[in-house]
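Visitor: Let me give you the structure first, and then I'll get to my questions.
Please treat every number below as a calculation from the coordinates, not as lab data. All values derive from a computational prediction rather than experimental measurement. A quick note on method: Cβ atoms are made from the backbone with ideal geometry, for glycine too, and the neighbour counts reach across all protein chains shown.
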Amino acid sequence: MTALHATGQFPVRTLGGPTALFEYGGLRFLTDPTFDDPGDYGRPGRTLTKTAPSTATPADLGPIDVVLLSHDEHPDNLDTSGRALLADVPLTLTTPGGGQRLGEKAKGLADWESIELKRPHGGTVTVTGVPAIHGPGTHAEIEPVTGQVVGFILTGAGLPTVYVSGDNASLDAVEQIAGRFAPVDTAILFAGAPRIPMLFDGALIVLDSAQAAEATQILGTRRVVPVHYDSWAHFTEGRDELEAAFTAAGLADRLDWGRQA
């Protein structure tokens, strides 16, 4: 195994919010596509305010082979421009419900369900759906309010293990994932400590910075690329808080802010 594979240091381009682009096993992956302009989105009572534009447009990205979509029901994870992009992508992997809503190019993955994708030069990449809970509590308690969410683990022969967390607030879910896949080489970790006052009395609906550092320890992660911590008003912790939490945990050297240009 090369040093590249041992450390998981393939480039990740962060585009703002939950959206990141990376190449893995010769395939180009995009997470939760959000490209709409700043403004108010959503419905009465649950309006979300986007505060900054994406650092790229869909046209800037080139061909995408696979979208890893943690869930399709919230505009800060899939917006109007992101939905339009899906039409040009051969495969979108998402929740079972999202797989039904998004049409024939989408496939839902239940927890621990896997799909094998052909690599362009031979071999396969395995994508496994892993648990994610979008709020404080169990699936049964949270999903009727915030919906179903899925995370992803990517593996392949001679490739690093990659975790894309999606909108997960549960360290218990992280423990389950670690039990099957740790150590993780690279985690694209959704953070930002988002809170919405009318949901769960303002409790966290995705990891805060200290929990992101704890998840890194649980997974034995060698590199963390944080996403989902900027560009939206309901994200209550940003880069400064993440740096402070990882420094306090002795994990500052694990942080990689991605390529943002």
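Visitor: Say we join alpha carbon atoms closer than 10 Å with springs in a Gaussian network model of the chain; which of ASP65, ASP208, ASP76 then has the biggest fluctuation?
Guide: ASP65
Visitor: Hey, another quick one. Tally the DSSP beta bridges in region 146-236 and give the antiparallel ones as a percent, rounded to 5. Write out the running numbers ahead of the final one.
Guide: On the way: 3 of 11 bridges.
Around 25 percent antiparallel, to the nearest 5.
Visitor: OK, next. Please arrange SER114, SER54 by how many other C-beta atoms lie within 10 Å of their C-beta, fewest to most.
Guide: Values: SER114 11, SER54 22.
Ordered from fewest to most neighbouring Cβ atoms within 10 Å, SER114, SER54 come out as SER114, SER54.
Visitor: Find how much the distance from ASP88 to ALA233 grows on full extension, using 0.36 nm per residue of separation minus their present alpha carbon separation; answer in nm with one decimal.
Guide: Residue separation times 0.36 nm, minus the Cα-Cα distance, leaves 49.2 nm.
Visitor: Under a plain spin-label model, where a point goes 7 Å from the Cα along Cα-to-Cβ, how far apart in nm are TRP257 and THR138?
Guide: Reported label-point gap for TRP257 and THR138 is 4.2 nm.
Visitor: Which one of LEU27, ASN168, GLN217 has its Cα pushed farthest toward the positive end of the charge dipole of region 3-254, where Lys and Arg give +1 and Asp and Glu give -1 at the Cβ?
Guide: Of the listed residues, the answer is LEU27.
Visitor: Ok, one more. Give the residues of region 224-254 whose amide nitrogen is closer than 18 Å to a point set 7 Å from the Cα of ASP60 in the direction of its Cβ.
Guide: Zone members listed by number: 227-232.
Visitor: Which residues among region 51-77 fall inside the zone where the amide N is under 17 Å from a point 7 Å beyond the Cα of GLU104, along Cα→Cβ?
Guide: none
Visitor: Mind checking the dipole of region 71-228: about its Cα centre, +1 per Lys or Arg Cβ, -1 per Asp or Glu Cβ, Debye to the nearest 20?
Guide: So the magnitude is around 600 debye.
Visitor: Also: How long are the semi-axes of the equivalent ellipsoid of the chain, defined as square roots of 5 times the Cα gyration tensor eigenvalues? Whole Å, largest first.
Guide: They are 24, 22, 18 Å, listed largest first.
Visitor: A further question on this structure: Can you give the % of DSSP beta bridges in the chain that are antiparallel, to the nearest 5? Walk me through the numbers before you get to the answer.
Guide: On the way: 27 of 46 bridges.
Once the DSSP bridges in the chain are tallied, antiparallel ones form about 60 percent.
Visitor: Helix-derived [θ] at 222 nm for the chain: sum -39500 (n - 2.57) over DSSP H runs of at least 4, divide by residue count, nearest 500? Display every interim value, and only then the final one.
Guide: On the way: 7 runs with 58 residues, N = 261.
Theoretical 222 nm ellipticity from helices: -6000 deg cm²/dmol.
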